[in-house]
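The values are calculated or read from the model by the stated rules, or taken from the named source; none is laboratory data. Nothing here was measured: the structure is a model prediction, and the numbers come from that model. FYI the Cβ positions are ideal-geometry reconstructions off the backbone, even for glycines, and counts take in every protein chain you see.
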Amino acid sequence: MSSKDNILKAIRNQFVESVPLPSLDQDWIDYEDRVAHFAETLESVGGAAHVVQSMEQVQEILSQVPQYADAKKCVSTVSGISANVDLNTIGDPHELEDIDFAVLQGQFAVAENGAVWITDRDVKHRVIYFIPQYLAFVVHCPGDAASAIVSNMYQAYEQIKLTGEAEFGAFISGPSKTADIEQSLVIGAHGARSLHVFLVENQTP
């Protein structure tokens, strides 16, 4: 019997007593002003939040963002936002390697960590969430901005609906960053170098 077999046999012979799952009946953190806390948290991790009343305002603000205005290749999956690359015409996701800016649909936001829940429901290539140089999410709010923001991750998971239509989902907060290399914080090391989140009040996608 090999060393590998001996190790696996020893593992199988170990009895681990089961323990009950922790109770979810707890006093979860709740913010009186979810919009302000979301914006503050997102800013603290390098992003920026914008509360707007129309898609025209989104386009106006984006036009003043140098990375969007100067982008040679821009993708948008959000109606009303101009772009020059149609994601649906791209057959090979490797062709997206030089996308400068992407404007994508977000589902809802989380005040606790400044995150936005996204899915691939209407996105042909989900790599578009991670490969552009710069990123923006548009979250349509059924009422005011607070109507699309939950306080904490417990509430966030309650919002997620597993309908089978989307095979992929993720919470994304702020631009990517790492401090693993020589203890120096690097923004955009393995993803977007900036993130703008637009909360569009009183609108549906």
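How about region 162-198: which of its residues are among the hydrophobic types (A, V, I, L, M, F, W, C) and either in a loop (DSSP other than H, G, I, E, B) or more than 23 Å from residue 108 (Cα to Cα) (or both)?
162, 166, 168, 179, 181, 185, 186, 187, 189, 192
Screening region 7-46 for residues that are among the polar types (S, T, N, Q) and under 28 Å from residue 185 (Cβ atoms) and picking the one that is modelled with the lowest pLDDT gives 44.
Got at least one residue in region 97-104 being of a type in the set (Val, Ile, Thr) and farther than 30 Å from residue 28 by Cβ?
Restricting attention to region 97-104, the residues satisfying the condition of being of a type in the set (Val, Ile, Thr) are 99, 103.
If we keep only those that are farther than 30 Å from residue 28 by Cβ too, we end up with 99, 103.
Yes, that holds for at least one residue.
When residue 175 is tested against (1) under 22 Å from residue 57 (Cα atoms); (2) modelled with pLDDT under 90; (3) in contact with a Ser or Thr (Cβ under 6 Å, 6 or more places away or on another chain), only condition (1) is not met.
Check region 62-80 and report whether any residue there is within 30 Å of residue 186 (Cβ to Cβ), of a type in the set (Ser, Thr, Tyr) and in contact with a Gly (Cβ under 9 Å, 6 or more places away or on another chain).
The first filter runs over region 62-80 and keeps only residues within 30 Å of residue 186 (Cβ to Cβ), leaving 62-78.
Going one step further and asking which of them are of a type in the set (Ser, Thr, Tyr), we end up with 63, 68, 76-77.
Pick out the ones that are also in contact with a Gly (Cβ under 9 Å, 6 or more places away or on another chain) and you get none.
For region 62-80, residues within 30 Å of residue 186 (Cβ to Cβ), of a type in the set (Ser, Thr, Tyr) and in contact with a Gly (Cβ under 9 Å, 6 or more places away or on another chain): absent.
Output the helices (runs of 4 or more DSSP H) that fall wholly within region 1-75 and possess 3 or more residues being closer than 16 Å to residue 110 by Cα, or say none. It would help to see each step written out before you state the result.
Numbers: elements: 3-12, 34-44, 55-63, 66-69.
Correct list: 34-44.
Filtered by the rule that a residue be β-branched (Val, Ile, Thr) and either at pLDDT 95 or above or in a loop (DSSP other than H, G, I, E, B) (or both), region 76-102 gives 77, 78, 81, 90, 99. Note on region 133-161: residues that are in a loop (DSSP other than H, G, I, E, B), over 14 Å from the mean Cα position of the chain (by Cα) and not charged (D, E, K, R) amount to 6.
Comparison of 103, 123 shows that the only residue that is of a type in the set (A, V, I, L, M) and within 18 Å of residue 50 (Cα to Cα) is 103.
Suppose we filter 44, 82, 54, 63 for residues that are in contact (Cβ under 8 Å) with a residue 60 or more places away in the chain and surrounded by fewer than 13 Cβ atoms within 10 Å (Cβ to Cβ); which single one remains? Spell out the reasoning first.
Numbers: 82 fails: in contact (Cβ under 8 Å) with a residue 60 or more places away in the chain; 54 fails: surrounded by fewer than 13 Cβ atoms within 10 Å (Cβ to Cβ); 63 fails: in contact (Cβ under 8 Å) with a residue 60 or more places away in the chain.
On inspection, the qualifying residue turns out to be 44.
Residues that are in contact with a Pro (Cβ under 7 Å, 6 or more places away or on another chain) and within 25 Å of residue 55 (Cα to Cα) were ranked within region 149-205; the one that is surrounded by the fewest Cβ atoms within 10 Å (Cβ to Cβ) is 204.
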